[in-house]
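A.B. asks: What follows is a single structure, and I will ask about it in a moment.
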2 protein chains.
Amino acid sequence: MQDTKERIISLADQLIKTRGYNAFSYKDISDPLEIKNAAIHYHFPTKTDLGIAVVDIEVERFTTQTAKLAAQPEDKQLKFLFDTFNKKNKEGMVCLMGSLSPDYETFPTVLQEKVTSMSSAFLDWTAGCLERGREKGLFRFDGDAYDRALLVMSNLLASLLLSRVMGNKIFGRITNQLLKDLNAKK
Amino acid sequence: MQDTKERIISLADQLIKTRGYNAFSYKDISDPLEIKNAAIHYHFPTKTDLGIAVVDIEVERFTTQTAKLAAQPEDKQLKFLFDTFNKKNKEGMVCLMGSLSPDYETFPTVLQEKVTSMSSAFLDWTAGCLERGREKGLFRFDGDAYDRALLVMSNLLASLLLSRVMGNKIFGRITNQLLKDLNAKK
DNA sequence: TTGCTTACTTACTTACAAGTAAGTAATTTT
DNA sequence: AAAATTACTTACTTGTAAGTAAGTAAGCAA
């Protein structure tokens, strides 16, 4: 029955990405899973513990997925990142960072630190990918790779947020233009 | 005593931009203003009514401010937009769009519509500014002006969110690179 | 000067979020 | 076979969010 725990995390993950951390309650999880709210407290004593688990799983998933792609050319690797966001957009979700960052100040320190280190992990990977890709002539951009990674991440993150408000075609318009700008050709 | 109403809106605006819509309560307003929560309900029967007022004021402020700048060259106009965001960053706030969009699905339709039309107003203005600026040779960018406005808005919005999580120097790194990219020179 | 409106307060209610204490059935360990 | 552990449920408690009904003091209007 260990998969109750995984189902709780998975539903919490969904709820955060669709409605936001401060807008979901244990009832939103216990009802669909047909368990009692105390069962959630058994696995995750506090909501913060659950939030931490969601962030940890997200980072793990990102780490294993990107590790699998490490041998591929950097433009393919970056495409994986865009595809991940595109999938979220189709599902009506925003990314975990986009959902958690506005609520950051309401979090206890332990959760804030998790969010910050998740953000670092994403940015470091993206910066590395862009840097190596530029060296190989796969990308063309000015300035520091880390600064460019900040721009790319912020565009991806915000494109999901704007899509939610302005309709989901917005996502493609932003990412297409973003990819064109990075493209080495011409 | 009409300014109680204005103080309520102003505090709600701050609370949304620092802690998020679903994380503040009438008590967070009534305590510092030294009034009773029922006094807020007198002016704003529901929390939705208060949210709508906050959005309306934001759009009004934007409209009057940009109208004042209409005669200036477009690069100065765009600088005003960046300065506005820079000010929020210094105050530890995110923008209203960045705060409200993740919670969008938890809003009743009337508030959703307000958020969407606020977003439209910002994007339309930015697209117009970029388009005219490009024609005059003040900006240099590829593609549709509206698509470019989407990129600029998404970078500004997300730079405040990322700054919150990664430290507020992030804002300058993103916006500097963004302005360099748009700059017509070289 | 009576009545109406404005801007509140007092004192509730209802609902629900978060968490806990104690118990239990099923499995695993010793 | 007894003891401990796992994965829960039952049945609470505490706190707070959102909203409301009824009252009131001050100002103005006829």
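The values are calculated or read from the model by the stated rules, or taken from the named source; none is laboratory data. Only a predicted model underlies this, so the values are computations on that prediction, with no experimental measurement involved. Methodologically, a virtual Cβ is constructed for each residue, glycine included, from the backbone with ideal geometry; neighbour enumeration extends over all protein chains shown. Keep in mind that these areas ignore ligands, DNA and RNA; they rest on the heavy atoms of the full protein, side chains included. Shrake-Rupley method; radii C 1.70, N 1.55, O 1.52, S 1.80 Å.
A.B. asks: Return only the number of the condition from (1) open to solvent by 30 Å² or more (accessible area, probe 1.4 Å); (2) facing chain B (nearest Cβ under 8 Å) that A:LEU161 does not satisfy.
C.D. replies: Here A:LEU161 clears every test but (1).
A.B. asks: With the requirement that a residue be within 16 Å of DNA strand C (Cβ to nearest atom) and away from every other protein chain (no Cβ under 14 Å), what does segment A:49-82 give you?
C.D. replies: Those that are within 16 Å of DNA strand C (Cβ to nearest atom) and away from every other protein chain (no Cβ under 14 Å): A:ASP49, A:LEU50, A:ILE52, A:ALA53, A:VAL54.
A.B. asks: Still on this structure, please answer the following. Looking at segment B:123-158, which of the residues that are of a type in the set (Gly, Ala, Ser) and either touching a residue at least 24 places away in the same chain (Cβ under 8 Å) or assigned to a helix (DSSP H, G or I) (or both) is farthest from the other protein chains (Cβ to nearest Cβ)?
C.D. replies: In this case the residue turns out to be B:GLY137.
A.B. asks: Quick one: is A:LYS114 more than 9 Å from every other protein chain (Cβ to nearest Cβ), surrounded by 20 or more Cβ atoms within 10 Å (Cβ to Cβ) and among the charged types (D, E, K, R)?
C.D. replies: Yes, satisfied.
A.B. asks: Follow-up question, since we're still on this one. Any idea which of B:ALA39, B:ALA12, B:ALA23 is closer than 21 Å to B:SER101 by Cβ, among the aliphatic types (A, V, I, L, M) and within 11 Å of DNA strand C (Cβ to nearest atom)?
C.D. replies: Going through B:ALA39, B:ALA12, B:ALA23 in turn, just one is closer than 21 Å to B:SER101 by Cβ, among the aliphatic types (A, V, I, L, M) and within 11 Å of DNA strand C (Cβ to nearest atom): B:ALA23.
A.B. asks: What do you reckon, is A:VAL115 over 25 Å from A:THR4 (Cβ atoms) and more than 16 Å from DNA strand D (Cβ to nearest atom)?
C.D. replies: Considered against the rule, which asks whether it is over 25 Å from A:THR4 (Cβ atoms) and more than 16 Å from DNA strand D (Cβ to nearest atom), A:VAL115 comes out as yes.
A.B. asks: Being touching an Asp or Glu at 6+ places or on another chain (Cβ under 7 Å) and either more than 29 Å from B:SER154 (Cβ to Cβ) or more than 16 Å from DNA strand D (Cβ to nearest atom) (or both) is the requirement here; does A:THR64 meet it?
C.D. replies: Values: touching an Asp or Glu at 6+ places or on another chain (Cβ under 7 Å): no; either more than 29 Å from B:SER154 (Cβ to Cβ) or more than 16 Å from DNA strand D (Cβ to nearest atom) (or both): yes.
Spelling it out, it is not the case that A:THR64 is touching an Asp or Glu at 6+ places or on another chain (Cβ under 7 Å) and either more than 29 Å from B:SER154 (Cβ to Cβ) or more than 16 Å from DNA strand D (Cβ to nearest atom) (or both).
A.B. asks: Could you tell me which residue of segment A:1-59 is farthest from DNA strand D (Cβ to nearest atom), considering only residues that are part of a loop (DSSP other than H, G, I, E, B) and open to solvent by 70 Å² or more (accessible area, probe 1.4 Å)?
C.D. replies: Taking segment A:1-59 first, the residues part of a loop (DSSP other than H, G, I, E, B) are A:1-2, A:20, A:24-25, A:34-36, A:44-46.
Retained after the next criterion (residues that are open to solvent by 70 Å² or more (accessible area, probe 1.4 Å)): A:1-2, A:34, A:36, A:45.
Working: A:MET1: 4, A:GLN2: 5, A:GLU34: 7, A:LYS36: 3, A:PRO45: 11 Å.
Looking at residues that are part of a loop (DSSP other than H, G, I, E, B) and open to solvent by 70 Å² or more (accessible area, probe 1.4 Å), I get A:PRO45.
A.B. asks: Among the residues of segment B:164-179, count how many are in contact with a Ser or Thr (Cβ under 9 Å, 6 or more places away or on another chain) and more than 9 Å from every other protein chain (Cβ to nearest Cβ).
C.D. replies: Summing the residues that are in contact with a Ser or Thr (Cβ under 9 Å, 6 or more places away or on another chain) and more than 9 Å from every other protein chain (Cβ to nearest Cβ) in segment B:164-179 gives 4.
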